[in-house]
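The values are calculated or read from the model by the stated rules, or taken from the named source; none is laboratory data. Note that the structure is a prediction, hence the values are computed from the model and not measured. Here the Cβ positions follow ideal geometry from the backbone for every residue, glycine too, while neighbour counts run over all protein chains shown.
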Amino acid sequence: MKAANLALRFLLEVSALVALGYWGFHAGDGDATHWILGIGAPLVAAVVWGLFVAPRRRFDVPNAVWILLQVLFFGAAVVGLMMSDQVWVAVVFVVLLIMNVSLMIVWQQRGEPADLATDGPGSHDGA
């Protein structure tokens, strides 16, 4: 179950990037703005995520910064969906995100590669 929660987390991360791209392609005036925001917003978000948040991140940051970056990342995706008139998609995204984060807290997951090893086929933790 813990591995499934981490898989959901990955899907939420990818969905957030897609949501940022969707927002970008629908924001602003003119084709150039659409393309810049549609490609630029998810690209910037992915770079920040990869550098500071991802399990194999380049730089370790304090927990408070790690949490803040996630709130900004997922919050931007939700706001982008809302601004693009995708309210129901945003609601479903938030519900799944709340479930995922709640389980990550209960199971003390931080999305590290070691978290996957504890829920492998030989694991007997009862989860």
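Points worth noting:
- Leu43 meets all of the listed conditions (1) farther than 15 Å from Val18 by Cβ; (2) free of Cβ contacts under 8 Å to residues at least 24 places away in the same chain; (3) of a type in the set (A, V, I, L, M) but one, namely (1).
Conditions (1) within 21 Å of Gln108 (Cα to Cα); (2) in contact with an Asp or Glu (Cβ under 9 Å, 6 or more places away or on another chain); (3) surrounded by 15 or more Cβ atoms within 10 Å (Cβ to Cβ), marked per residue:
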site: Leu11; (1), (2), (3): yes, no, no
site: Leu20; (1), (2), (3): no, no, yes
site: Pro55; (1), (2), (3): yes, yes, no
site: Val79; (1), (2), (3): no, no, no
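- Test: residue in the stretch 26-33 that is touching a helix residue (DSSP H, G or I) at 6+ places or on another chain (Cβ under 7 Å) and closer than 20 Å to Val95 by Cβ: no
- For the stretch 25-127, the helices (runs of 4 or more DSSP H) that sit wholly inside it and include 1 or more residues that are among the aromatic types (Phe, Trp, Tyr), within 17 Å of the chain's Cα centre (by Cα) and at pLDDT 95 or above are 31-52, 63-83, 87-106.
- Identity of the residue in the stretch 1-24, within 16 Å of Ala54 (Cβ to Cβ) and small (Gly, Ala, Ser), that ends up farthest from the chain's Cα centre (by Cα): Ala7
- The single condition from (1) out of contact with any Pro (no Cβ under 9 Å at 6 or more places or on another chain); (2) of a type in the set (A, V, I, L, M, F, W, C); (3) crowded, with 18+ Cβ neighbours inside 10 Å that Ala16 fails is (1).
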